[in-house]
Amino acid sequence: MKLVLQGHDERYVVEQSLMNLFPGELPVYEPILPGDDTWAIISLREDGSRCRVTAELSVHGKAATCPLDCLLSGTNFEKEGQRRHAVARCFFLAARAVTGVTPPWGMLTGVRPDKPVTWALAEGKSPGQARAMLEDEYFVTRSRADLALETGAMALTAARRLEPKDIDLYVGIPFCPTRCAYCSFVSQSVERSFSLVPPYVDALIEEIKAGGRMVREQGLRVRTFYMGGGTPTTLTAEQMDRVLTAFEESFDRLPCEEITVEAGRPDTITAEKLAVLKSHGVTRVSVNPQTMEDHVLRAIGRHHSAGDIEAAMELVDKFSFPHVNMDLIAGLPEDTPEGFRRSLDRCLSFGTDNVTVHTLALKKGSRILTEGLTIPGPEAVSEMLDYAAPVLRQAGYAPYYLYRQKYMSGSFENVGWSKPGAECWYNIDIMSELCSILSFGAGGSTKMVEPGTNHIERVFNLKYPKEYTERPEKCLANQAAFAAFYENLNL
C-alpha cells in the first residue's frame, strides 16, 4: 500500500496499523499515481491546542475518508501520545469503513493489549469503566475486552506484590533437538552443534556468578527464576545440575517465589533430569506438546509422537512438581478445529494446572513461510480459540496473562490459563513489564524497568552460542549497565 504522510512522520503507528488491518500489505512511500488503487493519505494539522487528522484510504478501488478533531493537553510527551492515538484512530476508522471488518483487538496493535486496563484500574477506575475504555476508545470487541479485564486485573495484583528493588531472572538455553517449522528463534540443533553445548554451559555459569555479585552489591531481590529456550532439557542432567547450582550459590533463594524450567519436548525428558530439577526445588515445569495430533507433529518437524507426550506426562507426574504447564498452538500446519479440540481435551485429561494457548505467528525465517506450508485460515483459528476459552473455564481455569505477536493468524492472542493459585508470576511480570528482568545466556534480553513509571531500557547479549562463549565482556558490560541503571534511580 502506498502511504503518504502529511504534516507528521508517524510512520511506526501507521505501519503497525497497516500490518494489523491489512495482513500481507507492505508500506511503500511513493507518490500516488493515476491508476493506483491501494493507497492511504494521512494528514495532520495543528491549530493552537487542536489537532485535526484526516485519513483518506483506497483499497482496490473502494475508498473512504475519515476526519478527526481532538484537543491536545498536558505535557509535550502526553501531547505526542495524543497525536499518535489520533493518527491511529483515524486510519483504523477509514480501514473499517472500507473493509467492514473490526479485528478482535480493534485498533490495538501492541504486544500487551491489557496494559491500558491495568493502568485504568490502578488509577481507581472501575472494571466497567476500564472495559468501556477498551470498547469506546480502541474498538476492542466485548469478548476481548472481558479477557483483557481479567488479565489486566491479575497484572495489578502482581504489581502490588513487588517492591522497587525486586527483579526476575531469566536463563536462556538456545538448543533444541530439531527446529520446528514455526520457529525463527536463534537456536541451535543439538544434533548439529553438540560441541557448542559444554563451552556454552561453562560461559553461562560464569555469567550467572558475575550477575549474582552485581545483584548483591546493588541490594536487589530476586522474586522469580525462569529457565527457557530453546529447550533447556537438551542439556544433560549433570549440566542442568551445574546451572541450577550456580543460581543457588550466586543468589539469595529465600525471597524467590518460584523456579520454572521449560522441560519442553518429551524426547528430552528423562527421570534423571527430572530428579535434578526436583532436587533443586523447581516449582514449575512446562511440557510443550503444541499439538497431540501425530500428523501435525510430523508437519512441524517434531520427532516424537503424541504417545511420547503422554509417557512424559506420566513421568513428570511421578515427581509431584507443584505446578505443571502444557502449551498448545492454534493454527499449526495440517491442523483442523477438530484436531485442536482433541489436543486440548487430551491435555486437560492430564490434570495439569496451567495451559497456555498460543495462536500461530508467521515469523520471518520460519519454514512455514520459506517452504510455503499450508496453514488453517483465520476462521478455523477463531473456531479453535472459541472452543478453548469456554472449555477451559468449565474445567476451572481462568486467564491470567496474555500477549500478542506480529503476523498472528487472525490478529488474535496468546493466553495463559491456570487454576486458582497456580499462576506463574514470571509470565505476568515480563508480559506486563512490572519489574526488571536480568537475562543470562545467548540472545538474552535484559529489561530495566523504572518502578512506578513506563520508563524501560534494554540491553542484549550476543545472539549466537559461539560468539556468546567467545566474548564474555559483552555480558559483563550489560551487567554494568544494569547496575548503573539502579544506581541512578537512588532507590
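The values are calculated or read from the model by the stated rules, or taken from the named source; none is laboratory data. These numbers come from a predicted model, not from an experiment. Heads up, the Cβs are rebuilt from the backbone with ideal geometry, glycines too, and the neighbour counts pull from every protein chain shown. Heavy atoms of the whole protein, side chains included, go into the accessibility calculation; ligands, DNA and RNA do not. Shrake-Rupley method; radii C 1.70, N 1.55, O 1.52, S 1.80 Å.
Answer yes or no as to whether Tyr12 is open to solvent by 20 Å² or more (accessible area, probe 1.4 Å), among the aromatic types (Phe, Trp, Tyr), at pLDDT below 95 and closer than 25 Å to Lys406 by Cα. Answer is yes for this residue. When we screen Arg84, Arg144 for residues that are charged (D, E, K, R), open to solvent by 60 Å² or more (accessible area, probe 1.4 Å) and in contact (Cβ under 8 Å) with a residue 40 or more places away in the chain, the only hit is Arg84. State whether one or more residues within the stretch 213-229 are open to solvent by 20 Å² or more (accessible area, probe 1.4 Å), among the hydroxyl-bearing types (Ser, Thr, Tyr), at pLDDT 95 or above and not in a helix (DSSP H, G or I). Checking the stretch 213-229: at least one residue is open to solvent by 20 Å² or more (accessible area, probe 1.4 Å), among the hydroxyl-bearing types (Ser, Thr, Tyr), at pLDDT 95 or above and not in a helix (DSSP H, G or I). If the condition is being open to solvent by 70 Å² or more (accessible area, probe 1.4 Å) and closer than 22 Å to Val201 by Cβ, then the stretch 437-473 contributes Phe460, Lys463, Tyr464, Lys466, Glu470, Arg471, Pro472, Glu473.
Exactly one residue out of Gly396, Gly410, Gly421 is more than 30 Å from Asp166 (Cα to Cα), assigned to a loop (DSSP other than H, G, I, E, B) and open to solvent by 20 Å² or more (accessible area, probe 1.4 Å), and it is Gly396.
Here is a list of conditions, (1) within 26 Å of Cys90 (Cβ to Cβ); (2) open to solvent by 20 Å² or more (accessible area, probe 1.4 Å); (3) at pLDDT 95 or above, and Thr102 meets all of them except one; can you say which number that is? Single failed check for Thr102: (3).
Taking the criterion of being within 24 Å of Leu438 (Cα to Cα), open to solvent by 10 Å² or more (accessible area, probe 1.4 Å) and out of contact with any Lys or Arg (no Cβ under 9 Å at 6 or more places or on another chain), the residues of the stretch 255-277 that qualify are Glu262, Val276.
For Phe77, the conditions (1) surrounded by fewer than 14 Cβ atoms within 10 Å (Cβ to Cβ); (2) of a type outside the set (Val, Ile, Thr); (3) at pLDDT 90 or above; (4) closer than 30 Å to Arg160 by Cα all hold with the exception of (3).
Residues checked against (1) among the charged types (D, E, K, R); (2) open to solvent by less than 60 Å² (accessible area, probe 1.4 Å):
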site: Phe91; (1), (2): no, yes
site: Ala97; (1), (2): no, no
site: Lys115; (1), (2): yes, yes
site: Leu134; (1), (2): no, yes
site: Glu137; (1), (2): yes, no
site: Ala155; (1), (2): no, yes
site: Ala158; (1), (2): no, yes
